[in-house]
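Written out below as structure tokens is the structure these notes cover.
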Amino acid sequence: MSHVYCPECGFQNPEAANYCAKCGALLVREPGGETTEAFSPEESQELLDTLDDVGVRGVALVVRSGGGRSGETFAPQGERTTIGRSPECGIFLDDVTVSRRHAVLEQRGERWVIEDLGSLNGTFVNRERVDSAVLEDGDEIQIGKYRLTFLQR
């Protein structure tokens, strides 16, 4: 059975649904089935230029949509950065769709891993719900209603 993921909260709905059973948002279907957000070479360069402008080197998460914070950039501090609704988190996403301690972004050697911390709404990488995933440059992460792009310089 095929599913449709809510663009606001990430809830997995039956294919026949028009509205999210969890938050009530209109479910938008993209022709050709599920896709992840792709960036043209120009858009990718624009994101990289933005990172240069704010002095980010290494790894960053760029908010693509959600919470009116599109374009906001987060650079992890240290080898382990928590993501959540709690102001104590290194990446603070203030919305009820985000758990207080939702996920953690962790550097393991040369690789970066995102790990869900038992959140209610789950953590998605490239539209697949994950408990833990190794991140690649350009991956889309969804936490609650926020969609972020992982960039590695």
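Conditions tested, residue by residue: (1) within 17 Å of Lys145 (Cβ to Cβ); (2) in a strand (DSSP E or B); (3) open to solvent by 60 Å² or more (accessible area, probe 1.4 Å).
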| site | (1), (2), (3) |
| --- | --- |
| Ser70 | yes, no, yes |
| Thr81 | no, yes, no |
| Asp94 | yes, no, yes |
| Val98 | yes, no, no |
| Val104 | no, yes, no |
| Trp112 | no, yes, no |
| Phe124 | yes, yes, no |
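Among residues belonging to the range 107-119 that are under 15 Å from the mean Cα position of the chain (by Cα) and not aromatic (Phe, Trp, Tyr), point out the one that is nearest to Arg85 (Cα to Cα).
Only one residue tops the list, namely Ser119.
I need every pair where a residue in the range 59-83 that is at pLDDT 85 or above has its Cβ under 8 Å from the Cβ of a residue that is aliphatic (A, V, I, L, M) and surrounded by fewer than 16 Cβ atoms within 10 Å (Cβ to Cβ), sequence separation at least 6 or different chains.
Between residues of the range 59-83 that are at pLDDT 85 or above and residues that are aliphatic (A, V, I, L, M) and surrounded by fewer than 16 Cβ atoms within 10 Å (Cβ to Cβ), the close pairs are Thr73/Val54; Thr82/Leu117.
The values are calculated or read from the model by the stated rules, or taken from the named source; none is laboratory data. It should be emphasised that the depicted structure is a prediction, and the values quoted were computed from it without experimental measurement. Ideal geometry is used to build each Cβ from the backbone, glycine not excepted, and the neighbour counts take in all protein chains shown. Remember, those area values only see protein heavy atoms, side chains included, never the ligands or the DNA or RNA. Shrake-Rupley method; radii C 1.70, N 1.55, O 1.52, S 1.80 Å.
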